[in-house]
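Notes to accompany the following structure.
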Amino acid sequence: MTRKHGKFLFFFFMALLLAQCFSIVSVDQPENASAGSTITVTVQAELDPGFDLPGMRLVTAILVPKSWSASANTTLTYTSSKGNGTMSLIPANVNAPNSTVSWPQEIRNRIGIGENLIDEVEWVAFWSDQTYDVTADEPNITGAITITAKVGPQNTISQIGYFIAESSIDLSAPNNYSTFFPDCFQVTDGSGATIDFCNPQIASIAPIKSLDNDIITLNFDASVGSTPLAGKDKVFLCATGYVDGSPIEVCDQSAISAMTSEGNDLWRLDIWPRKFFNLAAGQTLDHIEYSFTDETGAIVVVDPSSGQPLVYEFSCE
């Protein structure tokens, strides 16, 4: 093959690759909502087909906190120049085109989770119940997707993400899909202290919802606000669990409380609360209050906004 021939094929395939173009034109999303309320979001979108797409489905995905249980609490409809209809969850056993993983996982692999700093969010993917035959020479398809979602029960600040594509083309090229990440969205009037996914926090616990019999992970970033524990070689968890209002304290800088360094002043500790606090049968933790110390116990880091220990409430809701 001559160099000229090679160049021709390269540009031919590039033109084919770039021919199809998805665009999210705008997203009309409220800035906040009360916990447990229902919000309506409108996504204006456009598709320049570029080539024939027989039997295609419109794919739309949203990124929200896991506590929203979006797969059970969200409905999607659309109106378009190609037709109107409803959307359903993409079955979990359906992989994205040319992929070995599901649509939500493939979207996450390609797109990530936006500016959310706490990995307690999920992509939830839907596709149109009706299929469409699209031809390369037809005009651009325009439409509006209406998303009705019940927000979660917890006070949160998170960035919601939006994604559109079509069902038959893989996500290897950016023109085969479109994304949109508005400013962070706040849920108020809910349970517990506000969990801020968008701004650096000195500490977080995952999962956000758990019971005292679940394994939880405590994360601590000593660099946020240049805490007194920044640069330390050892960091320990100091925690008090409450059973019917009675405290059980574990704060002795022992091996059970020693956190593991993940570099760059990041620390983590996985605990089983029932074992950590040595609960007896029949005892149940309501919540824990916690802080972080050095190996001497003389340096203590608490919630900088309140000056008090951080709080984590156990809940399955």
Quiz item: Out of all the residues in the range 208-225, which are modelled with pLDDT of 90 or more, in contact with a helix residue (DSSP H, G or I) (Cβ under 9 Å, 6 or more places away or on another chain) and part of a loop (DSSP other than H, G, I, E, B)?
Solution: 211, 212, 213, 214, 215
Practice problem: Determine whether the range 291-311 contains at least one residue that is within 26 Å of the chain's Cα centre (by Cα) and aromatic (Phe, Trp, Tyr). | Solution: no
Quiz item: If we scan the range 254-268, do we find a residue that is small (Gly, Ala, Ser), assigned to a helix (DSSP H, G or I) and buried (at least 18 other Cβ atoms within 10 Å of the Cβ)?
Solution: yes
Quiz item: Restricting to strands (runs of 3 or more DSSP E) lying wholly in the range 104-189: which have 3 or more residues that are of a type in the set (S, T, N, Q), under 19 Å from residue 39 (Cβ atoms) and within 15 Å of the chain's Cα centre (by Cα)?
Solution: 154-158
Practice problem: Consider only pairs whose beta carbons are under 6 Å apart and that are at least six residues apart or on different chains; among these, list those whose first residue lies in the range 240-255 and is at negative phi and whose second residue is small (Gly, Ala, Ser). | Solution: 248/241; 250/239
Quiz item: For the subset of the range 269-317 comprising residues that are acidic (Asp, Glu), at pLDDT below 95 and under 16 Å from residue 203 (Cα atoms), which member is surrounded by the fewest Cβ atoms within 10 Å (Cβ to Cβ)?
Solution: 313
Practice problem: For the range 143-168, name all the residues that are surrounded by fewer than 20 Cβ atoms within 10 Å (Cβ to Cβ) and among the β-branched types (Val, Ile, Thr). | Solution: 146, 148, 157
Practice problem: Scan the range 258-276 and report the pairs whose first residue is without any contact (Cβ under 8 Å) to a residue 12 or more places away in the chain and whose second residue is of a type outside the set (Lys, Arg), with Cβ atoms within less than 7 Å and a gap of 6+ or a chain change. | Solution: 260/267; 260/269
Quiz item: Within the range 226-236, is there a residue that is assigned to a strand (DSSP E or B), on the phi < 0 side of the Ramachandran plot and either more than 19 Å from the chain's Cα centre (by Cα) or crowded, with 16+ Cβ neighbours inside 10 Å (or both)?
Solution: yes
Exercise. Find the residue count for the range 48-106, including only residues that are of a type in the set (Lys, Arg) and over 20 Å from residue 143 (Cα atoms).
Key: 1
Exercise. Of the numbered conditions (1) surrounded by fewer than 18 Cβ atoms within 10 Å (Cβ to Cβ); (2) touching a residue at least 60 places away in the same chain (Cβ under 8 Å); (3) among the polar types (S, T, N, Q); (4) more than 27 Å from residue 98 (Cα to Cα), residue 140 fails exactly one; give the number of that condition.
Key: (4)
Quiz item: Just wondering, is there one or more residues in the range 218-233 that are touching a Gly at 6+ places or on another chain (Cβ under 9 Å) and either assigned by TED's automatic domain parsing to the domain that holds residue 161 or among the charged types (D, E, K, R) (or both)?
Solution: no
Practice problem: Give the residue, chosen from 189, 183, 137, 170, that is over 30 Å from residue 283 (Cβ atoms), charged (D, E, K, R) and modelled with pLDDT under 90. | Solution: 137
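The values are calculated or read from the model by the stated rules, or taken from the named source; none is laboratory data. Here the structure is a predicted model, which is why all the values come from computation and not from measurement. Note that each Cβ is placed from the backbone with ideal geometry, even for glycine, and that neighbours are counted across all protein chains shown.
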